[in-house]
Every structure is written in structure tokens, then in C-alpha cells.
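What follows is a single structure, written as C-alpha cells, with notes after it.
The values are calculated or read from the model by the stated rules, or taken from the named source; none is laboratory data. The structure presented is a predicted model; accordingly, all values stated were derived computationally and were not measured. Don't worry about glycine lacking a Cβ; one is built from the backbone with ideal geometry, like all the others, and counts go over all protein chains shown.
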Amino acid sequence: MTSDLSQSINPLRLAKARKQIKGSLQVGSFGRLEGVLLDKSGELQYSLSFDFDEARTCIVECTIDARLTFECQRCFKPIAIDIHKSSLLAIVKDKDDFDALAQEYEPLELDEEHISVEELVEDELLLAIPLSPLHSEDDCSGKQVLDKVNADAKPQPFAVLATLKKK
Ligand SMILES: [Zn+2]
């Protein structure tokens, strides 16, 4: 299965059949990443595996791999970050389900029978992206600029002395 954006799935049915679906999605198709990414080209890979656990909870194992380009929050130049998100989601229908959920699961609320693959992947991706993407200090031109400003701002003892002598 590949990138059909309107792809909607029935997790319970897929879990009964213990199915796995894999595919890729265009990074630019995620509306909620608008304004977050510097470069919206490229695609991400996802895989979703459906099953039930011993408590008959419907489980979705979700992995996402992507290389996304953000804007460094220090120098405002592009920074490419590899995202690998792997999560174990459990389908919950109401508060009782939610309360009974084992700790290792992330709740996935299911209002309708079907969910959209794209929305699910986007939700997970949003949890994985860095809040404040930054280059490492050595790679960041903002750091060098900052260092220079700091160095220039240091008082220079001889210059101070010179102004004192003039008085
Ligand atoms: Zn930077």
C-alpha cells in the first residue's frame, strides 16, 4: 500500500486479521506541519501493525521514519533532523478503557470505526518533532556570531585605562 491520502482503515478489523500496513506519505501533505518545516519536500515511511493483547485491547504498533528540515532556532539556517518514532498505541473507546490501559500504551481514541492513516501518522509525528531544533554548537553559525558579540562586549582593560588617563 502506498500513499493514498484518503486511506481510511478499520483498526479492529485489521487487528482481527493481524495485519501490517506500510507506506510512505509526502511530508508536504501534513497541514499541521505547515510553518514548522523549512523544506516540505521528501517523504516519510510508516508502518502500522494491528493486533490484540491478552486483555483483548486493540493494539497498533506504529513506526515512523523521516528526515525533516527545520529552521535552527539560533542561526535560522536549515537543519536536517532524522526522526524515528516508534510507539505502541491502544485503541480506547471511553474513559473506562482509558483508565484500564496498561502503562506502556499510548491511548488512541476511536470515535468512529475508521481512522485516517494520514491523521494517525501526523499525530505521532507531531509528538516526535523537536520543540526547538538547534545545530550542535560547532555546526551552528549562530553560535559563532554569539561568541564574537560576547568577545567584543568584554571590557578591554587598557582602553578603560586610556580613558581614565585622559581625564
Ligand atoms: Zn544553527
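Residue-level analysis places Arg74 outside the set of residues that are surrounded by fewer than 14 Cβ atoms within 10 Å (Cβ to Cβ) and either within 20 Å of Leu120 (Cβ to Cβ) or of a type outside the set (Gly, Ala, Ser) (or both).
Among the residues of the range 1-37, those that are modelled with pLDDT under 95, within 22 Å of Val92 (Cα to Cα) and of a type in the set (S, T, N, Q) comprise Gln7, Ser8, Asn10. One residue stands out in the range 93-126 among those that are under 20 Å from Ile21 (Cβ atoms) and of a type in the set (A, V, I, L, M, F, W, C): the one that is surrounded by the most Cβ atoms within 10 Å (Cβ to Cβ), namely Val121.
Taking the range 106-152 as the range and being in contact (Cβ under 8 Å) with a residue 12 or more places away in the chain, within 16 Å of the ligand (Cβ to nearest atom) and small (Gly, Ala, Ser) as the test, the residues that pass are Ser132, Ser141, Gly142. Looking only at the range 48-81, residues that are within 14 Å of Gln20 (Cβ to Cβ) and hydroxyl-bearing (Ser, Thr, Tyr) come to 2 in all. Kindly indicate whether any position in the range 38-58 is loosely packed, with under 14 Cβ neighbours inside 10 Å, within 16 Å of the ligand (Cβ to nearest atom) and at pLDDT below 95. No: zero hits. Out of Arg67, Arg74, report the one residue that is among the basic types (Lys, Arg) and within 13 Å of the chain's Cα centre (by Cα). Among Arg67, Arg74, only Arg67 is among the basic types (Lys, Arg) and within 13 Å of the chain's Cα centre (by Cα).
Candidates Leu108, Leu125, Leu120, Leu131: the one that is at pLDDT 80 or above, under 24 Å from Leu25 (Cα atoms) and assigned to a strand (DSSP E or B) is Leu108. Evaluated against (1) away from the ligand (no atom under 16 Å from the Cβ); (2) touching a strand residue (DSSP E or B) at 6+ places or on another chain (Cβ under 7 Å), Asp97 falls short on exactly one condition, (2). Taking first residues from the range 39-65 that are under 14 Å from Arg13 (Cα atoms) and partners that are outside any strand (DSSP E or B) and among the hydrophobic types (A, V, I, L, M, F, W, C), the Cβ contacts under 6 Å between residues at least 6 apart in sequence or on separate chains come to Phe50/Leu14; Phe50/Ala15; Asp51/Ala15; Phe52/Ala15; Cys58/Leu12; Cys58/Ala15.
Taking Lys85 as the residue in question, decide whether it is among the charged types (D, E, K, R) and either buried (at least 16 other Cβ atoms within 10 Å of the Cβ) or touching a residue at least 12 places away in the same chain (Cβ under 8 Å) (or both).
Here the answer is yes, as Lys85 does meet what is asked.
Every residue, every condition in (1) acidic (Asp, Glu); (2) closer than 16 Å to Ala15 by Cα; (3) touching a helix residue (DSSP H, G or I) at 6+ places or on another chain (Cβ under 7 Å), yes or no:
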{"site": "Cys75", "(1), (2), (3)": "no, no, yes"}
{"site": "Leu89", "(1), (2), (3)": "no, yes, no"}
{"site": "Asp96", "(1), (2), (3)": "yes, no, no"}
{"site": "Glu104", "(1), (2), (3)": "yes, no, no"}
{"site": "Glu124", "(1), (2), (3)": "yes, no, no"}
{"site": "Ser132", "(1), (2), (3)": "no, no, no"}
{"site": "Ser136", "(1), (2), (3)": "no, no, no"}
